[in-house]
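Engineer: After the structure tokens below, expect a handful of questions from me.
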Amino acid sequence: MSLVSAKNVVKKYGKMKALAGIDLDLEKGKQYALQGASGSGKSTLLYIIGGLERSDEGEVIINVDDKKLNLNRMNDEELAHYRNSTVGFVFQFHFLLPSMNCLQNILLPSKIGGRYSKEIESRAKELAKLLGVEHCLKKFPFQLSGGEQQRINIIRALSVKPKLLLCDEPTGNLDTENSEKVTALLKELASEFDATMILVTHDPQVASKISHSIHIRDGLVCNMP
Ligand code: ADP
Ligand code: MG
């Protein structure tokens, strides 16, 4: 059963097609490395699947909790709810808000989405213990190293138990050792949470660690996982 089913997805910026007709099925609980040259449309595809952007043509269907969500037919409020309840994002740059401490940053998506609960807070604290950043929760992002910030970022993405984990070059600015650690961690957590994961990477070493791969070129998929 597929969690994400994209058909003929087109995204234009002016006359340029960033996505030129993407067909893609992603199965529940599987992990995919998304590869392609710079500018091939990887981030755009991730943003559309994650409900951060809308496609101009085609459709994206998400099968979640026995419901079929058609992202193209959702209004802004429904799309925001989808993002906050179903999707976890991990970006290369951490996007932690400098004026909030790390725990407040982690809890922000669930608070915005009206889904905050003590359970989410205790899961976040457990994950912080597991990832060795418990001591960072009361600190502000600028007081942390790059690797620690990325782990906080990962906890924020996972604390809502996302069905879909979207990672855009999460290891892009890490050295080899930390890059391997973060990849292993994302794989492990995604499988523990039974989340479907897409991880965008330039690095063949990172991609080789992920069981399925998708290549895109000029806004089109050139192989199927
Ligand atoms: P990748 O992540 O594979 O490097 P992107 O999805 O970021 O590629 O970009 C695909 C193409 O769309 C590129 O040519 C890029 O310049 C263009 N593009 C992406 N976002 C925008 C935007 N907001 N406005 C205009 N062009 C964009
Ligand atoms: Mg990109």
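Engineer: Among the residues of region 98-131, how many are surrounded by 13 or more Cβ atoms within 10 Å (Cβ to Cβ) and either in contact with a Gly (Cβ under 6 Å, 6 or more places away or on another chain) or in a loop (DSSP other than H, G, I, E, B) (or both)?
Structural biologist: Within region 98-131, residues that are surrounded by 13 or more Cβ atoms within 10 Å (Cβ to Cβ) and either in contact with a Gly (Cβ under 6 Å, 6 or more places away or on another chain) or in a loop (DSSP other than H, G, I, E, B) (or both) number 6.
Engineer: What about ILE210, is it in contact with a Phe, Trp or Tyr (Cβ under 7 Å, 6 or more places away or on another chain) and either modelled with pLDDT under 85 or more than 16 Å from ligand 1 (Cβ to nearest atom) (or both)?
Structural biologist: yes
Engineer: Can you name the residue in region 64-82 that is within 21 Å of ASP25 (Cβ to Cβ) and among the charged types (D, E, K, R) and is also most open to solvent (accessible area, probe 1.4 Å) among such residues?
Structural biologist: ARG73
Engineer: Consider region 149-171. How many of its residues are assigned to a helix (DSSP H, G or I) and in contact with a Pro (Cβ under 9 Å, 6 or more places away or on another chain)?
Structural biologist: Qualifying residue count for the region: 7.
Engineer: Here is a further query. Take the residues in region 1-54 that are open to solvent by 10 Å² or more (accessible area, probe 1.4 Å), near ligand 1 (Cβ under 8 Å from one of its atoms) and polar (S, T, N, Q); name whichever of them is nearest to GLN92 (Cα to Cα).
Structural biologist: SER43
Engineer: Within the set of pairs 6+ apart or on separate chains, which have a first residue in region 135-154 that is in contact (Cβ under 8 Å) with a residue 40 or more places away in the chain, a second that is surrounded by fewer than 19 Cβ atoms within 10 Å (Cβ to Cβ) and assigned to a loop (DSSP other than H, G, I, E, B), and C-beta atoms under 6 Å apart?
Structural biologist: From residues that are in contact (Cβ under 8 Å) with a residue 40 or more places away in the chain, the pairs are PHE140/ASN101; PRO141/PRO98.
Engineer: Is it fair to say THR201 is within 24 Å of GLY36 (Cα to Cα) and either in contact with a Lys or Arg (Cβ under 7 Å, 6 or more places away or on another chain) or within 16 Å of ligand 1 (Cβ to nearest atom) (or both)?
Structural biologist: Against the criterion (within 24 Å of GLY36 (Cα to Cα) and either in contact with a Lys or Arg (Cβ under 7 Å, 6 or more places away or on another chain) or within 16 Å of ligand 1 (Cβ to nearest atom) (or both)), THR201 qualifies.
Engineer: Which condition number in (1) part of a strand (DSSP E or B); (2) open to solvent by 60 Å² or more (accessible area, probe 1.4 Å); (3) on the phi > 0 side of the Ramachandran plot is the one that GLY58 fails?
Structural biologist: All conditions pass for GLY58, except number (2).
The values are calculated or read from the model by the stated rules, or taken from the named source; none is laboratory data. Model, not experiment: these values are computed from the prediction. All Cβ positions, even for glycine, are placed from backbone atoms using ideal geometry, and neighbour counts span all protein chains on display. The area values use the complete protein model at the heavy-atom level, side chains included, leaving out ligands, DNA and RNA. Shrake-Rupley method; radii C 1.70, N 1.55, O 1.52, S 1.80 Å.
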